[in-house]
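For reference, the structure discussed in these notes is given below.
The values are calculated or read from the model by the stated rules, or taken from the named source; none is laboratory data. Please read all numbers here as calculations on a predicted model, not as lab measurements. Cβ: placed from backbone, ideal geometry, glycine included. Neighbour counts: every protein chain shown.
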Amino acid sequence: MPKHYDVVVVGAGIFGSCTAYHCQRLGLRTLLLEQFNIGHANGSSHGKSRITRYAHTDPEYVPLVGDSYNQIAELEEKRKEKLWKSVEKTSFHYYTFDFSKLGLLWAATGNQVHTISGHLKKHHIEHEVITGSQISERYPQFKFDEKWTGLIDPMGGVIYANKWLKAFQEEFRNLGGTIRENEPLISHTEDTTSPLAIKTKNESYTTKKLIFTVGCWITKFFPNVNFKIKPISLAVCYWRAKEECDSHLLDENNFPLLIAKNHDKKEFYFALPDTDYPGAIKLVLDDGDELMGDLSHPRRNNKSFIELPGNFISNHIPVVDSAKPFKVDQCKYTNSPDHHYLIGPVSSKNPDILVGGCGSGSGFKTAPGIGRALAEMAAGKPTTVEVSFFSPSRFGESV
Ligand SMILES: Cc1cc2nc3c(=O)[nH]c(=O)nc-3n(C[C@H](O)[C@H](O)[C@H](O)COP(=O)(O)OP(=O)(O)OC[C@H]3O[C@@H](n4cnc5c(N)ncnc54)[C@H](O)[C@@H]3O)c2cc1C
């Protein structure tokens, strides 16, 4: 007889790890399958750092981020472990911040900053809007002119990404959940019979609910559904200071999280302090090369994905050496056609098959909230955070 679970979650990146944890927490007997070893670097969730922030281009993300902040605070307390680098608070009142300290700076040409400020006001999230020249007064590392406007989100901070992944997986195991690594899912039944039958490389299982959190591999499982996804490979570049004496300006206590959107040039960048490699900021262009047919990275990323960030640095972060990155890593980036997440049943034909994906660029910080929502759907409960905006059904029926 095949082993039976209430839920099988496929893929142990940050989406799957958070989802499995929440399923088990809701009392569902859960199996988490991973095709590679736990902690591998072939997907999107590896590395030491990611950005968290309330500031977002669409208001639907703000409550998901809020749920994640709450969950992380709970886990930090439980595990006695620091899971993100938050801005220093100036008073005991939680929402009183010192705006002169760090947080996230969102710099943009055009009107975008004012739109984001509108969303944050709607959700009563503290923030500040400043002019381009005030950016340089506030942060000595940067140089922006009056074409730019800045928004400071004091809740912006560095996620300790590898620690989040480990924390959710360990807590899942502590609750009695099962993780099977190096065990790829090979096939599953798509008809409406319950339980669903699935086959992995090693075993057969049955399950009431099947949740796909497979990152870029979503294209392998649902080639016929209406949303067309083209995952890409990002060149993740790390850059050092020009002068050794300026290195401290790049560390977590001095370098704010940065999102920079030059809408005139259609170039978007994000930057983090030296959490991954001491002395080197991470600064990446939000664009990349197509993955190979087997979804592996190209051997080397196109030169322009390294040259463009170099040009941005030479124009806007003069303390950093823009001539050549100190190191280049790779990361897989998966977006849906409208660049919003997929959360929910993948097709109305079978409500027992759910998907959580297309988080690229912003999904790490919201993964705890997304995981909770998917688990609640699997348990047949209303979701804590409203996620219907992210329903895969917005792309219409499967073809
Ligand atoms: C360069 C870069 C920077 C980013 N910066 C930020 C940021 O600053 N802030 C932020 O919030 N987000 C950021 N993101 C986005 C975030 O990292 C991703 O949204 C998130 O990691 C996606 O996780 P995932 O679990 O969906 O995918 P993955 O991490 O790729 O996990 C999918 C897993 O499924 C497994 N799998 C696939 N097929 C099978 C199968 N058949 N059987 C079993 N297992 C399978 C894979 O091996 C993999 O482990 C960034 C992403 C990149 C690439």
Any pair with Cβ under 6 angstrom, 6 or more apart, that starts in region 102-115 at a residue that is among the aromatic types (Phe, Trp, Tyr) and ends at one that is not in a strand (DSSP E or B):
106/55
Which pairs do you get when a residue that is more than 8 Å from residue 233 (Cβ to Cβ), found in region 289-300, comes within reach of a residue that is outside any loop (DSSP other than H, G, I, E, B) and among the hydrophobic types (A, V, I, L, M, F, W, C), reach meaning Cβ atoms under 8 angstrom, with the pair 6+ apart or on two chains?
295/216; 295/217
Of all residues in region 348-379, count the ones that are away from the ligand (no atom under 15 Å from the Cβ) and either closer than 21 Å to residue 71 by Cα or in contact with a strand residue (DSSP E or B) (Cβ under 7 Å, 6 or more places away or on another chain) (or both).
6
Hey, among the residues in region 58-102 that are surrounded by 15 or more Cβ atoms within 10 Å (Cβ to Cβ) and among the β-branched types (Val, Ile, Thr), which one's modelled with the lowest pLDDT?
87
Here is a list: 272, 250. Which entry is crowded, with 21+ Cβ neighbours inside 10 Å and away from the ligand (no atom under 15 Å from the Cβ)?
250
Within region 105-126, which residues are in contact with a Gly (Cβ under 9 Å, 6 or more places away or on another chain) and not β-branched (Val, Ile, Thr)?
105, 106, 107, 108, 123
Residue 137 is checked against (1) at pLDDT 95 or above; (2) under 15 Å from residue 255 (Cα atoms) and fails just one. What number does that condition carry?
(1)
Which of (1) among the small types (Gly, Ala, Ser); (2) more than 23 Å from the chain's Cα centre (by Cα); (3) surrounded by fewer than 21 Cβ atoms within 10 Å (Cβ to Cβ) is the odd one out, the single condition residue 117 does not satisfy?
(2)
Sort out for me the strands (runs of 3 or more DSSP E) sitting completely within region 127-242 that have 3 or more residues that are surrounded by fewer than 20 Cβ atoms within 10 Å (Cβ to Cβ), more than 10 Å from the ligand (Cβ to nearest atom) and assigned by TED's automatic domain parsing to the domain that holds residue 368.
204-212
